[in-house]
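Trainee: The structure follows.
What follows draws every value from the coordinates through simple rules; no lab data is involved. Keep in mind that this is a model prediction, so the values were computed, not measured. Here Cβ is always computed from backbone atoms with ideal geometry, including for glycine, and neighbour counts include all displayed protein chains.
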Amino acid sequence: MTALQLDHVSKVYRSGDDDIVALDDANLTVAADEMIGLIGPSGSGKTTLISIAGGLLTPTEGSVLVGGENITGYNAKELTRFRGEQVGFVFQTVNLVPFLTARENLLVVGELSGGRAGRKQATTRADQLLDELGLGHRHDNLPRQLSGGERQRVAVGRALMNEPKLVLFDEPTSALDTHLGEQVMDLIRSEVKGRGTAAVIVTHDARVTTYCDRVVTIIDGRLAETAAASA
Amino acid sequence: MFLAWREITRSRARFLLLGGAVGLLVFLIVFVQALTGALIRQFIGAIDHQSGTVLVYSADARKNLEGSRVPLDAVSAVAAVPGVAAAGPLGEGTFSVQAGGQLRDTALFAYQLGKPGAPTTVISGRLPRADFEAVASDGNSAKGFRLGATVRIEHSTRAMRIVGIARDANYSVSPTLFTTFATYQQTRKDANPAAVVVMPSAVVATADPGVTPATVRDRINHTVPGIEALTRDQAVAESPGVASVGESIGAIVLLCFFVVVVVAGLFFLILTVQKAQSLTLLRAIGVRAGALVRALLVQVVVVVLGGVVIGGLLGWLALNAAGNSLGARVEIGALLQTGALVLGLSLVAALGAARRVLRIDPVRATVPGSLDA
Amino acid sequence: MRIALRELRRRPGRFGPVTAALILLTVLLLFLGGLLDGLYIGATGALRAQRAAVVVYSADANDSIIRSRLDTTTRAQIERISGVTAVGGLGISLLGAKVPGETTLADAAVIGYQRPPTGVPAVPPPGDAWADRRLEAFGVRVGQTLRLGPREVPIRVRGWVEDTNYLLQGSLWVAPDTWRRAQNASRPDAPFAAGEFQVFVADGPGDPGVLARRIDRATGNATATLTKDAAVLASPGTRQQKSTFNGIIGVTFVVVGLVVALFFALLTLERSPIYGVLKAIGTTTRRLFAGVLLQALIVATAAFLIGGLITLGLTSLLPARIPILLVGSRAITTFGGILLTAAIGGAISLRRIARIDPVTAIGTGT
């Protein structure tokens, strides 16, 4: 099954009398357990692409299918549900809720969307994920008590918590040193591959692309070329 | 509850400060209301809890019983008005009374036996059956006004025996003795031997069955010259001290409500703005806007209710600790009403913050730097 | 400090919420103070104006002017005391006054006097009165003849005096015989004979307390003499009003402190990253804290000025029966109290400011 399929997707913003084309006729298919690196200069449309793929933005033209689900015509409510159930996000900087512990950051979507049903199950799953991510001793720590790398791992755990078809990473290593960055990328690859989840990783760090199955370049809103990863 | 409670327990200081401010303001409201209620009860309890439903003052008394004197023939004039079931004289005066070993300001409330004016809230003992017997208002036993006690009015020829106790029957913030009109007349003459005649302070009347006190009042005002008739409720509400105290305190209470609502509303708005990053993140990862608004409202409820409880407790403590000579008490009903009003208004004030939450665009999560904690 | 001032100038909106809350609290404080002052001044003017050291009551009056009664014999006893330089009689009757052209009665206190108090001219001829300005609100004018009490005793208004009221009723200062006429007409069961008064005011050098005790000894304890200050406080309700209102005002000041603490805690939280940067480039905690205090004081001052104007406007709309009086000294003490509690409230942020570590504040992902 295809994890992500973008067919002739465009996103145009109106600014005064001008049209700004953020994404221009993008076509992209990501297989079920494929890891794609998305690379491009600032303002090239990377963020727009993953926003559309993740149901944060609706395209002006084209269709978006995630895990077989066509989200193109979804309204805001449906997109919210979709994001909670089908997609995982790790944003550019570490992005945890500051007053929730590591465990609670993983549970937050389930708590606020699903209510009490399956809470025990969810807690068990959250603890398991944190253990797998090497945070077995950090379940009850607040973000300010964690190192940068630990926070990033918690964010990865949250992204995987709802067993999504697709996880979107926006510059996951930009705030980390080389060693930590490698650790996090190792982790991402093993988790993504191990669960059969697809991933799109936005980066301008060439080293990150070595972890990817494919690299897609985007320039001025156009997906320019694909290249096989060097790894 | 999950998100709301987690934030409260992990950012305790802010919520405690707000709860403290709300609590103190609720305390002010509760305290001032209790004091006002007690003061008003102390001012006019005797008027409110006597059997006459219409009171007739002299026209120049300006609804002040103490300043009123009516001629003796006013009683028969009022009794003759159609619709009046019974009418009798009411004598009121403040005297120095030897009670409990001390001289104390005491109000005498005198009525003719068998006529209107008797206290209606006797909780122990009985009504007077003879001259120089009295029913004392409650809350004054420590001052010597106990059931069975004997008190003596300064310059009076005879002592007075307390044969009953009535609840909430003080007048003019003084211990009050309900006694016979003849006793009152004798007491006045004893205090001032030069007095030629002792006039009643007012005439007190009741209405025939099927006739309202308001109707009787209007007929009396129409028929009898030189007087001003009021229903009992009017006499209470429009008593000079009561009206101005009620209005002044009302303004204070209104301002306190205003402050609570503004402070609570602004606090939650600022908090929402400060949490915008977390809220954007939560929206981006699939949390419904409604859930976030609910969490906000839960916090409002928790903090405000906490403040109401603190305020009520403080009010109760303050009124007890102050010795509370006025008999002021925190009425649970009034506290619940105040709490409900404060909570309702705070929730309305928090709508500004709720609107902010609803306006969050989850796509902002992808803007670089927007989620820096 | 300059940064703090610039922030106030360029981001005034940030301080909007705390200023709004403080404005309301200022209005509340000024209103409470105005009510207390109005009640006190309106109830006690007649006594405060007395040029006397002591006020002499009959012993059975329990410090109540209305219930006191003193005769010429007692007066003679007082006058004989060495150290007493002057004695004057005072009698007060609370009556309704019919005002020409008005339908409602004016609340009047007819005061018969012998020794002119401060601000009151010499005793007028019989039938004339000096009226307190409070009566103007009831339509009273100079030259009018008012009719007092149920027997409508006529009294002509000669001129105005200020701040001489009794128990919130506008005073009419009259000759003793005029007072007796009005009193006896309205209270035939409690008439006063010639030379009789309710109280005497007496003056003399030295400690008023000592003078008071000497007078009571000289009359064989037939009198109860209070110093003028004590007599003022003994006016019905005065003491209780003062303590109650002062208690409420005290609690309101605490609320001011809490509100300032609350909003400045939120502001400090918001500015933590900036404080981190400032500390990193060499700003001391003390300077940052001084800036916060300065902002708290400026905000409190602005709130007081705006709140004061609002209070002035609101009180002009209130009905006359609400006895509120805005007095300069009260405004000053209220301002001082607000500044102090605002400073204390702002000081709560010191701990948080001190704890900001410049290193962690500047790092990414914090």
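Trainee: Any chance you could get the radius of gyration and Dmax over the Cα atoms of region C:106-253, in Å?
Mentor: Calculated on Cα positions, Rg and Dmax stand at 17.8, 53 Å.
Trainee: Among the listed pairs A:LYS77/A:LYS165; A:LYS11/A:LYS77; A:LYS46/A:LYS120; B:LYS189/C:LYS228; A:LYS77/B:LYS275, which are separated by more than 29 Å between their Cα atoms? Please list the in-between numbers first.
Mentor: Details: A:LYS77/A:LYS165 19 Å; A:LYS11/A:LYS77 21 Å; A:LYS46/A:LYS120 38 Å; B:LYS189/C:LYS228 32 Å; A:LYS77/B:LYS275 22 Å.
Among A:LYS77/A:LYS165; A:LYS11/A:LYS77; A:LYS46/A:LYS120; B:LYS189/C:LYS228; A:LYS77/B:LYS275, the Cα-Cα distance tops 29 Å for A:LYS46/A:LYS120; B:LYS189/C:LYS228.
Trainee: Between B:THR215 and C:ARG151, take the C-beta separation as r, use R0 = 35 Å, and let me know the FRET efficiency to the nearest 0.05.
Mentor: Numbers: r = 31 Å, r/R0 = 0.89.
Step by step, r from the Cβ atoms, then E = 0.65.
Trainee: By a straight-distance test (C-alpha under 18 Å), which lysines pair with C:LYS98 as possible cross-link partners, with residues fewer than eight away in the same chain excluded?
Mentor: Straight-line reach from C:LYS98, under 18 Å: B:LYS63.
Trainee: Also, I was wondering about something else. Please give the direction-averaged projected area of the C-alpha convex hull for region B:1-149, in square nanometres with one decimal.
Mentor: Numbers: hull surface 64.2 nm².
Computing the convex hull of the Cα atoms and averaging its projections yields 16.1 nm².
Trainee: C:GLU136 versus C:ILE310, label points 7 Å from Cα toward the beta carbon: distance in nm?
Mentor: Each label point is offset 7 Å from its Cα along the Cβ direction, giving 2.9 nm.
Trainee: From the Cα trace of region A:1-89, what convex hull volume per residue do you get, rounded to a whole Å³? Walk me through the numbers before you get to the answer.
Mentor: On the way: hull volume 9.0 nm³, N = 89.
Dividing the Cα hull volume of region A:1-89 by its residue count gives 101 Å³.
Trainee: Still on this structure, please answer the following. From the helices alone, meaning DSSP H stretches of at least four residues, give me the mean residue ellipticity at 222 nm for chain A, per-run term -39500 (n - 2.57), in deg cm²/dmol to the nearest 500.
Mentor: Numbers: 7 runs with 82 residues, N = 231.
Using -39500 (n - 2.57) per qualifying helix, the result is -11000 deg cm²/dmol.
Trainee: Considering the Cα positions of region B:250-373, please state its Rg to one decimal place and its Dmax as a whole number of Å.
Mentor: Expressed in Å, the Cα Rg and Dmax of region B:250-373 come to 19.1, 66.
Trainee: Viscosity 1.567 mPa s, temperature 4 °C: Stokes-Einstein D of region B:178-284 from its Kirkwood Cα radius, in µm² per second? Working shown, then result.
Mentor: Details: Rh = 20.3 Å.
In µm²/s, the coefficient is 64.
Trainee: List every DSSP H helix in chain A whose Cα atoms extend 24 Å or more along the helix's own long axis and whose mean Kyte-Doolittle hydropathy is at least -1.0.
Mentor: Values: long enough: A:178-195 (25 Å, -0.56).
TM-like helix candidates: A:178-195.
Trainee: Next question, about the same structure. Expressed as a whole percent, how much of the Cα-Cα distance distribution for region C:258-305 exceeds 18 Å? Before the final figure, lay out each step's value.
Mentor: Values: 379 of 1128 pairs.
Above the 18 Å cut-off, region C:258-305 has 34 percent of its Cα pairs.
Trainee: Please give, to one decimal in nm, the separation of the simple spin-label points placed at B:MET1 and A:SER42, each 7 Å out from Cα toward the Cβ.
Mentor: Those two pseudo-labels are separated by 4.8 nm.
Trainee: When the scattering of region C:57-140 is computed by the Debye formula from its Cα atoms alone, each counted once and equally, what is log10 I(q)/I(0) at q = 0.24 Å⁻¹?
Mentor: -1.28
Trainee: Right, another one. Compute the normalised compactness of region C:241-366: alpha-carbon radius of gyration over 2.2 N^0.38 Å, N being the residue count. Please list the in-between numbers first.
Mentor: Details: Rg = 19.1 Å, N = 126, 2.2 N^0.38 = 13.8 Å.
Relative to the rule-of-thumb radius for its length, region C:241-366 sits at 1.38.
Trainee: Scan chain B and note any complete DSSP helix (H) whose C-alpha atoms cover at least 27 Å along its axis and whose Kyte-Doolittle average is -0.5 or more. Let's see the in-between values first.
Mentor: Numbers: long enough: B:12-48 (50 Å, 1.59); B:240-274 (52 Å, 2.20); B:289-321 (48 Å, 2.03).
Sorted by number, the helices that extend far enough and score high enough are B:12-48, B:240-274, B:289-321.
Trainee: Same structure again: Hey, what number do you get for chain C at 222 nm if only DSSP H runs of n ≥ 4 count, each worth -39500 (n - 2.57), divided across all residues, to the nearest 500? Write down the numbers at each step before the final one.
Mentor: Values: 11 runs with 187 residues, N = 366.
Helix-only estimate at 222 nm: -17000 deg cm²/dmol.
Trainee: Mind ordering A:173-186, A:12-25 by average Cβ neighbours within 10 Å, highest first? Working shown, then result.
Mentor: Details: A:173-186: 17.1, A:12-25: 12.8.
The most tightly packed comes first, giving A:173-186, A:12-25.
Trainee: What value, in deg cm²/dmol to 500, does the helix sum -39500 (n - 2.57) over DSSP H runs of n ≥ 4 give at 222 nm once divided by the residues of chain B? Before the final figure, lay out the partial values.
Mentor: On the way: 11 runs with 184 residues, N = 373.
Here the helix-only value at 222 nm equals -16500 deg cm²/dmol.
Trainee: Another one. So in the protein assembly as shown, what percent of DSSP beta bridges are antiparallel if you round to the nearest 5? Working shown, then result.
Mentor: Numbers: 89 of 127 bridges.
Here the antiparallel bridges make up roughly 70 percent for the protein assembly as shown.
Trainee: Where q = 0.08, 0.14 Å⁻¹, what log10 of I(q)/I(0) comes from the Debye formula for chain C, counting one point per Cα?
Mentor: With one equal scatterer per Cα and no solvent, log10 I(q)/I(0) is -0.57, -1.06.
Trainee: What nm distance separates the two modelled labels at A:TYR13 and C:ARG217, each placed 7 Å from Cα along Cα→Cβ?
Mentor: 9.6 nm
Trainee: Sticking with this structure for a sec: Which whole number gives the average, over all residues in C:184-190, of C-beta atoms from other chains lying within 10 Å of the residue C-beta?
Mentor: Details: counts 1, 0, 6, 5, 8, 14, 7.
Mean partner-chain Cβ count within 10 Å for C:184-190: 6.
Trainee: Along its principal axes, what span do the Cα atoms of region C:1-113 show, with the longest given first and each in whole Å?
Mentor: 77, 47, 24
Trainee: May I ask for the equivalent-ellipsoid semi-axes of region C:291-348, computed as the square root of five times each C-alpha gyration tensor eigenvalue and listed largest first in whole Å? Don't jump to the answer; show the numbers that get you there.
Mentor: Working: eigenvalues 154, 25, 13 Å².
In descending order the semi-axes read 28, 11, 8 Å.
Trainee: Using the C-alpha gyration tensor of region B:81-191, what are the square roots of 5 times its eigenvalues, in whole angstrom, with the largest one first? Working shown, then result.
Mentor: On the way: eigenvalues 96, 51, 28 Å².
Calculated on Cα positions only, the semi-axes equal 22, 16, 12 Å.
Trainee: Based on the alpha-carbon set only, what is the convex hull volume of the protein assembly as shown divided per residue, in Å³? Numbers along the way, then the final one.
Mentor: Values: hull volume 223.5 nm³, N = 970.
Convex hull of Cα atoms, per residue: 230 Å³.
Trainee: Calculate the translational D of chain B in whole µm² s⁻¹ from Stokes-Einstein, where the hydrodynamic radius comes from the Kirkwood formula applied to all Cα pairs, the temperature is 37 °C and the viscosity 0.692 mPa s. Intermediate results must be reported in sequence, preceding the final value.
Mentor: Working: Rh = 24.2 Å.
Once the numbers are plugged in, D ends up at 136 µm²/s.
Trainee: Just to be sure I understand the curve: with the Debye formula and one point per C-alpha of chain A, what is log10 I(q)/I(0) at q = 0.07, 0.16 Å⁻¹?
Mentor: Log10 of I(q)/I(0), two decimals: -0.22, -1.13.
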